[in-house]
Amino acid sequence: MMDSTLFAESNKPTPGDYLLSLERSFQYFNKVPVITGSFSSLDGIGNKLREDDSVLNIIKSRLVSQDRNLNIRNLQMFGALLEHLVEDEGRYEERLNSYDARMDSLRRDFSNLRKDTILRSMFRDSVLRAKFRPAIRELRTKRQLADSLFTLTNERINSLKAHVTANRINAEELENQVENFLRSAGSRAFGKERRYIWEPRTGTSRSRRTGEFRRGLQQENYIANYYFSNMRGEQMVLLVIGLAFFAWVAYNFRSLKQLGKMDALNDLQFRFLSPLPLLVSLVFVLNLAPLFDLNAPALYLETVGFLLMAVLSVFFLKQKHRIFFVYWCVFILIFLSYSFSRFLGLPYAMIRYWNLGVNSASIVLAILVLRHFRTFFKENRLIRGAILLYALLHLLAVVSNIFGRVTLSQLFSSTAIYTFTQALGLAIFVPSVREAMMLQIQASRIRNQYPVTFDYLPIQKNIDRVVFWLAVIIWLVSFTTNMNMYTSISDGISGFLTSPRNIGSFTFTIRGVLLFLFIIWLAHFLQKYIAYFWGDTGDDAAFDNKGHRSKLLITRLILLTGGFLLAVAASGLPVDKITVILGALGVGVGLGLQGIVNNFVSGIILIFDRPLRIGDMVEIGNRKGRVKEIGVRSSTILTADGAEVIIPNGDLLSENIVNWTLSNNHVRIEQVYKVDGDINEDSLRRTLKSEILAVPNMLHSREPQIILEPVGDEKYEMRIYAWCADVNKLETTQTQLRKVIRDFLAQQKS
């Protein structure tokens, strides 16, 4: 009989279902401490937020007192710090939001767990509770721990999010205040901030001012430490550049020393470089420092300025005019007097008199230097201009101080000192970089076995021109930054350059066009002068190194092509519309561009197909000479007369090219002589061949051929075919061979 319950439906959970539900619960409660424990950044974010609180409080207190003692440099630093703080708060908020999202995921898992009917029925049923008592007891323990961790972590995340939001709001408000202070700094600086210097002072407690000074000094040191501990990326890049410059110069000196060619530098007459270029590297780094941190605190500027002065002192100590070094030491004392006045805790009135004395001493020093070195400054007008500007700025500082324009006086004083130091540093920076480049050229020439002597004066002028303009940019950045004009000037220029402009449907910006042209110019400049880095100055010495010059040619092509593509990508110009415009222009001036495109493509074919290479001896039509240069549009052939023949690349490929040195440098020599008398042909051939092979530059792997043909009674015509090993020495070899044969024939007659 069939059991009727066999096919009956039953929704009653089995013991396996209860165990599976318990297992899911254990997995969830075990996951909570794992996930909350992975929030490792919470402690770091909390510590950073507390540091940010201190910085925000200091900046807020300093801004409150700015109406009494405005410091432009510190205001610029405050702006950079607050911008950095806002960015940090954004990163903290992003990290906390990711943690919060994971907590929401845990919260949803817990909600699903509470909806588990099997687990709920097990807790309501006393029999099931008794059956799974150990597991339930452990589950309750894990739940209590998970609830505690969940609640604590959730509260901590919410607290930190609120802290981040409050800090970001405070930082943005303070950033607006700083921007307002900087915008109004010009008008405030020209307005009367304090009494005229001849007016009577109002009494103020000295002890209170001393306390304020000490507290302000501590705050400035704290905020400067915070600045460099959080914004040191630029300084690290500067340090790497300085170390690379040091290693580069030291390597070239060591290379020359190992080759025993240190005397090759005698003609270059280096004034600043040495085999251990520590001082020059410091000058290099310290002059570049203003470009890497425009918003550095005043303490940093003073430190960099003092280090630059110390390094320059070593160079000036070697000058033949000792009185110049004395004046320089006085200038350093003036700088120290001005800088340390901030750390003496003097009353404001006393600081004004102190600065008045420093400014007056600076003017007197400038006048004495100009009078004592009048002849020197006639030849060095830039240094003379720097001294005149130094004196003028100090004179303006004196006038501003007398009439109560204290901020303006501080601007003029600090700008005078720092920009004059920068000018003197750049006066050494320019020749130092030039000497480093000349050292690289000479070392590379010797490593490539080129002649030591070369025409270096035009190369020095080219290098000086580029480095000089770089120095001008550095000085202008330093000057405008110290005068609090850099931001307004850069913002104005940036606004003008980035404003969109329309020509029909074509939209562009001046910045995009200038960036496009600059990258194209830079690519052209690099491809033109990159050969200097490997010692190739364009002279005949580099012809023998064909492989090197072929690689250099490919490098130039890559620079030009890559520069064009990079210029198009970086400029932001719409490529599709540029293509349409170029297409339209191509239709209009197609005939004119046809030859240019033909020469350009032919140049690429010459570079990669290599039917001729730089240094090859070739004949093209009625022109014969050595290939001096292969460009993307034309190539240059140097004739034996010294003329440089420029041939379009399209003409090179369209004509027959005779390349004497494509696979080797061998060339056959043919000479004909008349021989009289009875001769032994075998003996003559054997003896003459040995004489021919003894001539320098003869090819021994191919035996000379001597053909004797009778032309009458006891008369012969002797044809000699021999091989010269180097076509470039053909004429010399022919002359020597002709002399050897004539001497041999004369000896045979006698």
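Given the condition modelled with pLDDT under 80, assigned to a helix (DSSP H, G or I), among the basic types (Lys, Arg) and touching a helix residue (DSSP H, G or I) at 6+ places or on another chain (Cβ under 9 Å), answer yes or no: does some residue in region 155-165 qualify?
Checking region 155-165: not a single residue is modelled with pLDDT under 80, assigned to a helix (DSSP H, G or I), among the basic types (Lys, Arg) and touching a helix residue (DSSP H, G or I) at 6+ places or on another chain (Cβ under 9 Å).
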Would you say Thr639 is within 17 Å of Ile620 (Cα to Cα), in contact with a strand residue (DSSP E or B) (Cβ under 9 Å, 6 or more places away or on another chain) and either of a type in the set (Phe, Trp, Tyr) or surrounded by fewer than 17 Cβ atoms within 10 Å (Cβ to Cβ) (or both)?
-> yes
If we scan region 11-29, do we find a residue that is at pLDDT 75 or above and under 37 Å from the mean Cα position of the chain (by Cα)?
-> no
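Here are Val645, Val667: which of them is within 49 Å of the chain's Cα centre (by Cα), modelled with pLDDT of 80 or more and closer than 21 Å to Ile614 by Cα?
Within the list Val645, Val667, the selection yields Val645.
Condition check ((1) closer than 30 Å to Ser635 by Cα; (2) acidic (Asp, Glu)) across all residues:
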residue	(1), (2)
Ser654	yes, no
Glu681	no, yes
Leu693	no, no
Ile707	no, no
Val711	no, no
Arg719	no, no
Lys739	no, no
Gln747	no, no
How about region 244-267: which of its residues are in contact with a Leu (Cβ under 6 Å, 6 or more places away or on another chain) and not in a helix (DSSP H, G or I)?
-> none
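Let's see how each residue does on (1) in contact with a Phe, Trp or Tyr (Cβ under 6 Å, 6 or more places away or on another chain); (2) open to solvent by less than 30 Å² (accessible area, probe 1.4 Å); (3) farther than 30 Å from Leu299 by Cα; (4) in a helix (DSSP H, G or I):
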residue	(1), (2), (3), (4)
Ala416	yes, yes, no, yes
Gln422	yes, yes, no, yes
Gly425	no, yes, no, yes
Arg434	no, no, yes, yes
Ile463	no, yes, yes, yes
When region 24-59 is examined, which residues are found to be closer than 12 Å to Arg102 by Cβ, part of a helix (DSSP H, G or I) and among the hydroxyl-bearing types (Ser, Thr, Tyr)?
-> Thr36
Answer yes if at least one residue in region 636-652 is among the aliphatic types (A, V, I, L, M), part of a strand (DSSP E or B) and closer than 29 Å to Ile720 by Cα, and no otherwise.
-> no
Going through region 653-662 one residue at a time, which ones are among the aliphatic types (A, V, I, L, M) and either closer than 17 Å to Thr733 by Cα or part of a helix (DSSP H, G or I) (or both)?
-> Leu653
Name the pairs whose Cβ atoms lie under 8 Å apart, with the first residue in region 618-634 and at pLDDT 75 or above and crowded, with 20+ Cβ neighbours inside 10 Å, the second assigned to a loop (DSSP other than H, G, I, E, B) and aromatic (Phe, Trp, Tyr), and 6 or more positions between them or separate chains?
-> Val618/Trp660
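Search region 354-398 for residues being open to solvent by less than 70 Å² (accessible area, probe 1.4 Å) and of a type in the set (Val, Ile, Thr), and hand back the single one that is farthest from Gly425 (Cα to Cα).
So the first thing to find is which residues in region 354-398 are open to solvent by less than 70 Å² (accessible area, probe 1.4 Å), and the list is 355-363, 365-366, 369-370, 373, 377, 380, 383, 385-387, 389-391, 393-394, 396-398.
From what's left, of a type in the set (Val, Ile, Thr): 358, 363, 369, 383, 387, 398.
Values: Val358: 22, Ile363: 20, Val369: 18, Ile383: 11, Ile387: 13, Val398: 26 Å.
My answer is Val398.
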Test for Leu470: is it surrounded by fewer than 22 Cβ atoms within 10 Å (Cβ to Cβ), over 22 Å from Trp248 (Cβ atoms) and free of Cβ contacts under 8 Å to residues at least 40 places away in the same chain = no
Under 9 Å between Cβ atoms, at least 6 apart or on separate chains: pull out the pairs that start in region 661-681 with a residue that is farther than 20 Å from Ala722 by Cβ and of a type in the set (Asp, Glu) and end on any residue that is part of a loop (DSSP other than H, G, I, E, B) and open to solvent by 70 Å² or more (accessible area, probe 1.4 Å).
-> Asp676/Glu714; Asp678/Glu714
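The values are calculated or read from the model by the stated rules, or taken from the named source; none is laboratory data. Remember, predicted model here, so these are calculated numbers, not experimental data. Positions of Cβ are backbone-derived with ideal geometry, glycine not excepted, and every protein chain shown enters the neighbour counts. These area figures cover heavy atoms from the full protein model, side chains too; ligands, DNA and RNA do not enter into them. Shrake-Rupley method; radii C 1.70, N 1.55, O 1.52, S 1.80 Å.
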